[in-house]
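Trainee: Submitted below is the structure of interest, expressed as structure tokens.
Coordinate-derived values only; no laboratory data. Here the structure is a predicted model, which means the values were calculated and not measured. No Cβ is skipped: glycine too gets one built from the backbone with ideal geometry, and neighbour counts run over all protein chains shown.
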Amino acid sequence: MSEKCIVAGVKLKSGKNDFEYEMEELKELVKASGGTVECTVTQERDNYSSALYFGKGKAEEIKILADELGATLLVVNDELSGSQINNLEKATDIRVIDRTILILDIFALRAKTKESQLQVELAQLKYTIPRLKGKGIEMSRLGGGIGTRGPGEKKLETDRRHIEQQVYELEKQLKKTVSVREVNRKTRLKNNTPIISVIGYTNAGKSTLINALINLYGVEKEKTMYVFDQVFATLTAENRKLVFPGNIEAIITDTVGFISKLPTKLVESFKSTLEEINYSDLIIHLIDITNENVAIQKLTTDNVLKEIKVADIPILEVYNKIDKTDYDYSDADGLYISAKTGKNFEKFTEAILYHLYGELKTYDIICSYADYEKITLLENKTEVISRSYEDDGVHVKISTRIGIYKRYFQENIDDEDLQDDF
Ligand SMILES: Nc1nc2c(ncn2[C@@H]2O[C@H](COP(=O)(O)OP(=O)(O)OP(=O)(O)O)[C@@H](O)[C@H]2O)c(=O)[nH]1
Ligand SMILES: [Mg+2]
């Protein structure tokens with residue numbers, strides 16, 4: 001039977017005005033973790049009470065409500081300290097968890113791969129350690145239910161000595177998986193293969209978009225991403241190789257979706273997602289245009305990008321799910337696509353390639369008969385339109401992007417063909 005929950009939050013008088021949206025999202029998160037929302041309680045205050053988070057009267061009100069509704073869990077919108085949780089549990093007589101542990105709980109339910117399971121368990125333990133002082137949380141953890149589940153249906157550890165030992169073990173195991181990623185990244189950088197990261201709010205359609213690109217340009221077409229209509233379908237950053245028209249290779253990275261008040265410091269997979277972004281040559285920021293809170297979702301993602309200072313990396317904003325709206329975007333400025341139907345993918349692909357390597361042009365190149373290397377390079381890296389064998393060598397007409405031309409065949413380039421960036 002699903003757990004009956006009360007969701008609650010303090011709205012700061014000085015706070016941003018996306019409080020209502022955060023509360024709606026909190027309800028979604030409760031549902032995603034298998035709970036039912038019985039009611040919502042909010043209070044407007046100048047600050048969070050350090051003892052109770054709410055004021056005393058509000059806590060009493062929650063206790064009465066919980067009694068009436070048969071609710072057994074209070075979920076609050078902000079991260080709480082151990083003593084706030086203890087005090088609130090005493091005052092309301094029900095178990096209390098915060099937004100962070102709720103997100104971790106969802107991750108624990110969804111984590112399938114070894115790496116993501118290790119990451120979630122580690123984050124849960126790190127969250128627990130500073131909150132172990134009082135007895136309340138220790139006792140409540142034993143009860144089971146939302147916020148007490150580890151990955152793979154394990155129960156969360158509650159004994160401090162065990163926890164510290166486990167944190168040590170998990171960090172050791174995780175280091176191994178991270179070093180594998182490091183190696184992959186180094187090979188990619190050495191090969192000069194550009195990296196494209198697809199980022200955005202959770203459920204925007206990032207994995208669907210990548211699957212559509214894999215279907216069109218993927219090297220291994222069967223290696224698709226997991227797609228589902230839920231928050232946090234993707235739990236770890238993953239890469240795939242693509243070959244675009246004109247023999248242009250790229251690595252595309254699927255990432256963990258953003259959400260407001262994301263516990264970025266706690267979860268390794270968020271940290272590695274954010275790290276990956278910093279290594280990319282192009283960021284695709286995917287936005288679900290059909291979501292009624294599209295502006296808040298976009299702003300949340302923009303703020304995370306600002307925080308990790310990706311200022312030098314070009315960002316391509318792409319609006320997704322246009323098949324779900326009646327609006328006709330054919331003449332609109334900007335990129336409006338449907339990852340599901342493939343609508344406007346030609347324009348989208350062109351935008352990606354333009355950002356990576358600039359405009360498509362044709363060039364005439366003369367190769368001496370002895371210069372096999374150059375001829376092979378031309379065949380591998382560009383599209384050869386025609387070739388003729390003359391006295392002074394092979395005359396080759398190619399079609400390629402300015403950036404590619406500059407990188408591989410620079411000695412032949414006319415200055416006026418060059419753009420500043422390439
Ligand atoms: N109608 C429509 N639905 C889409 C489109 N793109 C994605 N979806 C749906 O949106 C839901 C989420 O898609 P995902 O690709 O899993 O989204 P995501 O951004 O990877 O989400 P997370 O991994 O949870 O961050 C799924 O039900 C998709 O079928 C689209 O262009 N049109
Ligand atoms: Mg995804």
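Trainee: Bin width 5 Å, origin at 0, all Cα-Cα pairs of region 358-417: what percent of pairs per bin?
Mentor: 4, 19, 33, 26, 13, 4, 0
Trainee: Quick one: which of 369-381, 16-28 comes out on top by average Cβ neighbours within 10 Å, and what's the full order, highest first?
Mentor: 16-28, 369-381
Trainee: Additional query: Report the antiparallel proportion of the DSSP beta bridges in the chain as a percent, rounded to a multiple of 5.
Mentor: 40 percent
Trainee: Compute the separation of the alpha-carbon centres of region 228-243 and region 371-398 and state it in Å as a whole number.
Mentor: If we compute the Cα centre of each part, the gap is 39 Å.
Trainee: Another question, then. What's the angle, to the nearest 10 degrees (0 to 90), between helix 56-69's Cα axis and the longest principal axis of the chain?
Mentor: The helix 56-69 is inclined about 90 degrees to the chain.
Trainee: For the chain, what does the convex hull of the Cα positions come to per residue, in cubic angstrom?
Mentor: Hull volume normalised by residue count: 164 Å³.
Trainee: Follow-up. Roughly speaking, what is the centre-to-centre gap between region 49-63 and region 1-46 when only Cα atoms are used, to the nearest Å?
Mentor: Each part's Cα centre sits 15 Å from the other's.
Trainee: Could you state the angle between the C-alpha long axis of helix 160-190 and the longest principal axis of the C-alpha atoms of the chain, as a value from 0 to 90 degrees rounded to the nearest 10?
Mentor: The angle comes out at about 10 degrees.
Trainee: While we're here: Measure up Lys4/Lys271; Lys265/Lys298; Lys31/Lys56; Lys261/Lys298; Lys27/Lys261 against 23 Å on the Cα-Cα distance and list the ones that go over.
Mentor: Lys4/Lys271; Lys31/Lys56
Trainee: Additional query: Roughly speaking, what is the stretch gain from Ser368 to Ser14, that is 0.36 nm per residue apart minus the C-alpha to C-alpha distance, in nm to one decimal?
Mentor: Between Ser368 and Ser14, full extension yields an extra 120.3 nm.
Trainee: Given the rule -39500 (n - 2.57) for each run of at least 4 DSSP H residues, summed and divided by the residues of the chain, what is its mean residue ellipticity at 222 nm, to the nearest 500 deg cm²/dmol?
Mentor: Roughly -13000 deg cm²/dmol at 222 nm, from the helical runs in the chain.
Trainee: Give me the percent relative contact order of region 358-417, please, defined on Cα pairs under 8 angstrom at least 6 residues apart.
Mentor: Normalised by residue count, the contact order of region 358-417 is 41 percent.
Trainee: A follow-up question, please. Against the longest principal axis of the chain, how steep is helix 372-381, in degrees 0 to 90 to the nearest 10, with axes from Cα atoms?
Mentor: 40 degrees
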